[in-house]
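Here's the structure, in structure tokens; my notes come after.
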Amino acid sequence: MKYLMTCLIVCVLLAFSSTNTRDSYTVTRVKQDYKSSIDTFTKKLDLFLSIVNKRVTIQEIQEIHLLTRESYKRFEYLISHFDNQAVKKHLNGAPLPIAIFENGQTVAIDPVGLQVIDEMVFGADLNKDDLKNLLLKMRSIIDDIADFESNRYIDESHILIAMREQIIRIITLGLSGYDTPGSLHGIKEAEVSLSQMLICFKYFSMFVDDDTDIIFKEVISAFSRSIDYLQMENDFDNFDRTVFIRDYLNPLSALLLVFHDISGIAFMHEEVALEKGLNQKAFHLFDMSFFNSEAYSLITRKKDNIALQELGASLFYDESLSLDQSMSCATCHNPSKSFADGRHLSISNHRLETTKRNTPSLINSVYSKRYFYDLRAQQLAEQIIQVFSNPNEFHVDFDLISKRLNGSPGYLNMFSAAFSNSSSDTAIINRTSIITALSSYIKTISSFDSAFDQYMRKEREVIDESVTSGFNLFMGKAACGTCHFAPLFNGLVPPDFDENETEVLGVPISKLDTILDDDIGRIGNGWKHENTEHYRYSFKTVSVRNIDQTAPYMHNGIYETLEEVLDFYNHGGGLGIGIDVPHQTLSGDSLHLSKIEMNQIIAFMKSLSDTEFEYIIPDTLPRFADKDGAMSDIRPNVYSQKSH
């Protein structure tokens, strides 16, 4: 009912906003296909229900399920673009409980949709009553969805952007097996999806003229070649994802962008586009400008400047920010260690003590919707605030730090330069300006220029075969890519990259024990609606970029080598090594990876390292004046190369 009411309200708004507009031939035909595809999907659901009610074999149920999924894939690119929340809740969400806070208590809602059914019908001991209930839930909502989508405002820009988003979805969720956890049917579904998009792209023929004729034909050819490749190479474990992405899907995405640009079809308004995580004008998934950093840091381009970044850099390396002036951000995020610290557990401000968790790298950390291993912070600014207030870290309030920084003529000048466009007549050093400067600097600690990135962009012609084999395993048989999503290779979920996943892996208290680590993880983050058992022992999925520089590993730092980490996963996590792990999200079954295959995965992960990306690191830090106005000695930055 709530879904229907929301739909009615939006429909009314759209009716007013689209008055006196007439759909083009392109939009009319795409809308017709969209409606027809949803109708076909509805009929497949009805057929699925009728078959489940009969005495049929498991194989027959699996066959109708796969046909139903394929019918969904024909319109997935549009419905996911327009209403991804409806997709997650009702049609094709991950097979994990959804936590909500209702009537004063946390409730875990069982997941619904095709992914859940896929896992069910290809798993052991299928319960037909449970399957029927899932199908009935989907059937109960699909008519409302169909009615709403039939009145959806669509334009040519939406269609082209949706197609490029679907290419991202195919790479990250389809080819990896994330979308089909039981059947691993993603290669065939990619073929179906691309085939339908090709049909709809041909409706853009009305935009063909002397300027666009060649690129229009090239897009059609790129679609056709991609489909042909999928028809020839359809074995999940042996499918060459490296070749398909590098030589087929990346070029297709780039060609669609070029056609969008030269055809005169408008892009999203810049202010709207910058609120989204994805850069609408990035060529493909491995484009260096794929992400909009300001959508994550909340620092707009108008506010950001080099003076602000340099101020943030000085603050980042300055121990004056902590209460006893013994810690800086770099204490735990050392640039020489890829902005980690090389310790099992991060150091506390009580120097003989540690915190309870390992320090993750800060590289690309800005690209996140939730922060810390337990996701307790919702924004980068909130994470910084918690570091300042934490008794084990800076343990200081911003009033004290602001007063301290005001005692430095150098900092006063830097704040004045950084906030020169501020409406205030004087430079203000306060909580907001300190957080803004640090956020601006952290935003610059970003890298998408590893050897593997360059290879996927065709800036590098050759890469070791072990790397490409490792990528294919990572994104296929080993299922690493179903949690570490490209291109960040962390838990930020594509294609919108607006949600962080956590996983229950069953990590032991030490690598020699089969006792579960007692850190409760996400369930203890203080969020009422996440105080539910399936989040117990659940931790944020961090990036594997620069992973060979950031040992030791896991939230408690128990594994010192990548070989140890791969061995843990290969055995099936905690369940696989004999630990009782309620709600483990990692399969407890062995991956059956050989030693050679594990080494290939490690070779791929190492190829994601970039130790040469540029970031600001000041040689000296601003000096302070004592109560008599005398300046302190020059303060070298101990993390600068010139200090060694």
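The values are calculated or read from the model by the stated rules, or taken from the named source; none is laboratory data. Computed from a predicted structure; not experimentally measured. Don't worry about glycine lacking a Cβ; one is built from the backbone with ideal geometry, like all the others, and counts go over all protein chains shown. For the accessible areas, the whole protein counts, side chains as well, though only heavy atoms, and no ligand, DNA or RNA atoms are used. Shrake-Rupley method; radii C 1.70, N 1.55, O 1.52, S 1.80 Å.
Details
- Tally, over the stretch 392-420, of residues that are in a loop (DSSP other than H, G, I, E, B) and either touching a helix residue (DSSP H, G or I) at 6+ places or on another chain (Cβ under 7 Å) or free of Cβ contacts under 8 Å to residues at least 40 places away in the same chain (or both): 6
- Here the stretch 206-227 is the region considered, the condition is being in contact (Cβ under 8 Å) with a residue 40 or more places away in the chain and assigned to a helix (DSSP H, G or I), and the residue that is nearest to SER176 (Cα to Cα) is VAL219.
- Summed over the stretch 546-586, residues that are touching a residue at least 60 places away in the same chain (Cβ under 8 Å) and in contact with a Pro (Cβ under 8 Å, 6 or more places away or on another chain) total 5.
- Of all residues making up the stretch 516-554, the number that are of a type outside the set (Gly, Ala, Ser) and under 18 Å from PHE101 (Cβ atoms): 13
- The stretch 408-422, subset of a type in the set (Ser, Thr, Tyr) and at pLDDT 90 or above, residue nearest to LEU315 (Cα to Cα): TYR411
- Meets criteria (over 17 Å from THR620 (Cα atoms) and touching a residue at least 60 places away in the same chain (Cβ under 8 Å)) for LEU352: no
- Taking helices (runs of 4 or more DSSP H) as the structural unit, those lying wholly within the stretch 258-359 and holding at least 3 residues that are open to solvent by less than 30 Å² (accessible area, probe 1.4 Å) and closer than 30 Å to ASN84 by Cα correspond to 294-297.
- Top-ranked residue in the stretch 81-96 [being farther than 18 Å from PRO181 by Cβ and within 17 Å of the chain's Cα centre (by Cα); ranked as least open to solvent (accessible area, probe 1.4 Å)]: ASN84
- Among the residues listed as ILE602, ILE523, ILE558, the single one being in contact with a Gly (Cβ under 8 Å, 6 or more places away or on another chain) and either closer than 25 Å to SER447 by Cα or at pLDDT 95 or above (or both): ILE602
- In the stretch 579-616, the residues that are of a type in the set (Gly, Ala, Ser) and in contact with a Phe, Trp or Tyr (Cβ under 8 Å, 6 or more places away or on another chain): SER607
- Single unsatisfied condition, SER193 versus (1) small (Gly, Ala, Ser); (2) surrounded by fewer than 22 Cβ atoms within 10 Å (Cβ to Cβ); (3) under 22 Å from PHE48 (Cβ atoms); (4) in contact with a Phe, Trp or Tyr (Cβ under 9 Å, 6 or more places away or on another chain): (2)
- Candidates LEU274, LEU256, LEU252, LEU230: the one that is in contact with a Phe, Trp or Tyr (Cβ under 7 Å, 6 or more places away or on another chain) and either without any contact (Cβ under 8 Å) to a residue 60 or more places away in the chain or not small (Gly, Ala, Ser) (or both) is LEU252.
- Any hit, the stretch 68-78, residues being among the small types (Gly, Ala, Ser) and touching a Pro at 6+ places or on another chain (Cβ under 8 Å): no
- Considering the stretch 625-644, and only residues there that are modelled with pLDDT of 90 or more, open to solvent by 20 Å² or more (accessible area, probe 1.4 Å) and part of a loop (DSSP other than H, G, I, E, B), the residue that is nearest to MET475 (Cα to Cα) turns out to be TYR639.
- Pair list, Cβ < 7 Å and 6+ apart or interchain, from the stretch 193-204 residues that are over 12 Å from ASP33 (Cα atoms) to residues that are of a type in the set (D, E, K, R) and buried (at least 24 other Cβ atoms within 10 Å of the Cβ): SER193/LYS73; SER193/GLU76
- Residues that are in contact (Cβ under 8 Å) with a residue 24 or more places away in the chain, under 13 Å from ILE171 (Cα atoms) and either among the charged types (D, E, K, R) or touching a Phe, Trp or Tyr at 6+ places or on another chain (Cβ under 9 Å) (or both) within the stretch 489-500 comprise PHE489, PRO494, listed in sequence order.
- Close pairs (9 angstrom Cβ cut-off, 6 or more residues apart or separate chains): more than 19 Å from LYS88 (Cα to Cα) in the stretch 102-113, assigned to a loop (DSSP other than H, G, I, E, B) and of a type in the set (Val, Ile, Thr) anywhere: THR106/THR532
- Check on SER450, over 22 Å from the mean Cα position of the chain (by Cα), within 29 Å of SER253 (Cα to Cα) and of a type outside the set (A, V, I, L, M, F, W, C): no
- Any hit, the stretch 463-481, residues being farther than 30 Å from VAL565 by Cβ and open to solvent by less than 10 Å² (accessible area, probe 1.4 Å): no
- The listed residue being among the hydrophobic types (A, V, I, L, M, F, W, C) and surrounded by fewer than 19 Cβ atoms within 10 Å (Cβ to Cβ), out of PHE604, PHE568, PHE613, PHE539: PHE613
- Search result, residues across the stretch 582-599 that are buried (at least 16 other Cβ atoms within 10 Å of the Cβ) and either under 29 Å from SER446 (Cα atoms) or of a type in the set (A, V, I, L, M) (or both): LEU586, LEU591, LEU593, MET598, ASN599
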